[in-house]
Amino acid sequence: MLKAIRARNQTKAWQKLHDVHAPKAGDVAHDFELHDLDGKNSVRLSDFRGKKPVALIFGSYT
Amino acid sequence: MSLRSLFEQYHDKVQFISIYIREAHPIDGWWLGGGLFGLALKVTKSRAATDLYDPKTMEERRQAAGRCESELEYGIPTLVDDMDDTVNSAYAAMPTRLYLVGADGRMAYAGGLGPFGFKPQELMLAIEALLSESVAAAGSLDPSVA
């Protein structure tokens, strides 16, 4: 229980730290390059620039 | 409005990318699988997992991401954030967040932090607005539209 509370507080602190720097509407999107589930193929956000919009969906399984 | 239906409706005009980030509520972290909240997850038949530890290696993270992709069935291809949480940090995304990036590379929509700010309906409206702007811009460049 205490461990969960400590983790909750850490998560809230992390969110507070990073949320102020999160991109807002109109900002240039931070570019990134990430790999797929196999770790073999990579995708770069800027590859889609000038081609089509990109919807980014962030999440985990819990 | 589910993410799956959004994807099915717009995937030919919009590139959808699902980014698996650090687990929000793993067993060894801010776990919500016990007590009344855990009971509520079972009663509501939530598809969120309650039996995952926070992945400690990239391989473990890829495995968890694969399980997430196959069991949540969004139909959207998944990319996996690195163990330094680089992209998660840049987009302040944990636990969940939605964004729409225009073809010009600028943010057309920046959703709120999940779970309460996670609103696929808002994303849909942003997609509609962006696509309408594109059509209008194309029309204004077309000499036959005058």
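Just so you know, all these numbers are worked out from the coordinates, no wet-lab data involved. The model shown is predicted, which means the values in this text are computed figures rather than measured ones. Counting neighbours? That spans all protein chains shown, and the Cβs are built from the backbone with ideal geometry, glycine included.
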Charges on Cβ only, +1 for Lys and Arg, -1 for Asp and Glu, centred on the Cα centroid of segment B:3-144; of B:Pro115, B:Ala92, B:Ile127, which one is farthest towards the dipole's positive end?
B:Pro115
With the label point 7 Å along the Cα-to-beta-carbon line of B:Ser5 and a cut-off under 12 Å to each amide N, the hits in segment B:100-122 are B:120-121
Mind giving me the nanometre distance, one decimal, between the label points for A:Lys52 and B:Leu131, set 7 Å out from Cα along Cα→Cβ?
1.1 nm
Output the DSSP H helices from chain B with an along-axis C-alpha extent of no less than 30 Å and a mean Kyte-Doolittle hydropathy no less than 0.0.
B:120-141
So what's the back-of-envelope 222 nm ellipticity for chain B, counting only DSSP H runs of four-plus at -39500 (n - 2.57) apiece and dividing by all residues, rounded to 500?
-12500 deg cm²/dmol
Hey, can you rank B:79-85, A:23-29, B:125-131 by average C-beta count inside 10 Å, highest first?
B:79-85, B:125-131, A:23-29
What FRET efficiency would be calculated for the residue pair B:Leu36, A:Leu2, taking the C-beta separation as r and a Förster radius of 30 Å, to the nearest 0.05?
0.95
Among the listed pairs A:Lys40/B:Lys119; A:Lys12/B:Lys56; B:Lys13/B:Lys119; A:Lys51/B:Lys119, give every one whose C-alpha distance is greater than 23 Å.
A:Lys40/B:Lys119; A:Lys51/B:Lys119
DSSP-loop GluC sites (Glu not before Pro) across segment B:1-83, with at most 13 other Cβ within 10 angstrom:
B:Glu73
C-alpha long axis of helix A:2-19 to longest principal axis of chain A, angle in °
40 degrees
If I histogram all Cα-Cα distances within segment B:50-127 using bins 10 Å wide from 0, what percent of pairs lands in each bin?
16, 42, 35, 7, 0
For the protein assembly as shown, with only Lys/Arg (+1) and Asp/Glu (-1) charged at the beta-carbon, what is the dipole magnitude about the Cα centre, in debye rounded to 20?
660 debye
Any idea how far apart B:Glu59 and A:Leu17 come out in nm if each label point goes 7 Å out from Cα toward Cβ?
2.9 nm
For chain B, state the average projected area of the convex hull of the C-alpha atoms over all orientations, rounded to one decimal in nm².
10.1 nm²
For chain A, Rg(Cα) over 2.2 N^0.38 Å is 1.53
